[in-house]
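Here the structure comes first, spelled out in structure tokens, and everything after it is commentary.
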Amino acid sequence: MPVPLSDVRVGGIYSAGNNQHRKVVKIKDGSVYWDSRGGNVLNDWSPGHTLARPTPLDKFARDCTGIISLPS
């Protein structure tokens with residue numbers, strides 16, 4: 001099930017397919033800049049997209065399957 005747009009926040013960590021974790025590092029002009037890592041091995045975070053093509057906010061929310069943590 002997608003994550004609600006209102007729950008996509010800088011600092012939030014979300015689950016996605018293939019046991020992937022996604023951490024939002026910036027939201028600008030309707031696009032999400034995010035890092036990813038494998039959820040099963042908890043390796044280092046690395047960019048989840050190219051800098052030239054951040055993910056549109058609505059697509060990011062649709063591609064996520066759950067919320068792991070939100071900033072307070």
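Identify all residues within the stretch 39-65 that are of a type in the set (Gly, Ala, Ser) and either surrounded by fewer than 12 Cβ atoms within 10 Å (Cβ to Cβ) or assigned to a helix (DSSP H, G or I) (or both); write none if there are none. Scanning the stretch 39-65 gives SER46, ALA52, ALA61.
When the criteria are applied in full, THR65 meets the requirement of being at negative phi, of a type in the set (Ser, Thr, Tyr) and within 11 Å of the chain's Cα centre (by Cα).
Being among the aromatic types (Phe, Trp, Tyr) and either part of a loop (DSSP other than H, G, I, E, B) or within 15 Å of THR65 (Cβ to Cβ) (or both) is the filter here; which residues of the stretch 11-36 pass it? Quick ask: steps written out before the conclusion?
Let us first name the residues in the stretch 11-36 that are among the aromatic types (Phe, Trp, Tyr), namely 14, 33-34.
If the condition is that a residue be among the aromatic types (Phe, Trp, Tyr) and either part of a loop (DSSP other than H, G, I, E, B) or within 15 Å of THR65 (Cβ to Cβ) (or both), then TYR14, TRP34 are the ones that fit.
Looking only at the stretch 39-72, which residues are among the polar types (S, T, N, Q) and in contact (Cβ under 8 Å) with a residue 12 or more places away in the chain? Spell out the reasoning first.
From the stretch 39-72, those among the polar types (S, T, N, Q) are 40, 43, 46, 50, 55, 65, 69, 72; that's our starting set.
Passing the criteria: ASN40, THR55, THR65, SER69.
Taken over the stretch 8-38, the criterion of being free of Cβ contacts under 8 Å to residues at least 60 places away in the same chain, among the small types (Gly, Ala, Ser) and surrounded by 11 or more Cβ atoms within 10 Å (Cβ to Cβ) is satisfied by GLY12, SER15, ALA16, SER31, SER36, GLY38.
Computed from the coordinates by the stated procedures, all read-outs in this text should not be read as laboratory data. These numbers come from a predicted model, not from an experiment. Neighbour counts are summed over all protein chains in view; Cβ atoms, including those assigned to glycine, are modelled from backbone coordinates with ideal geometry.
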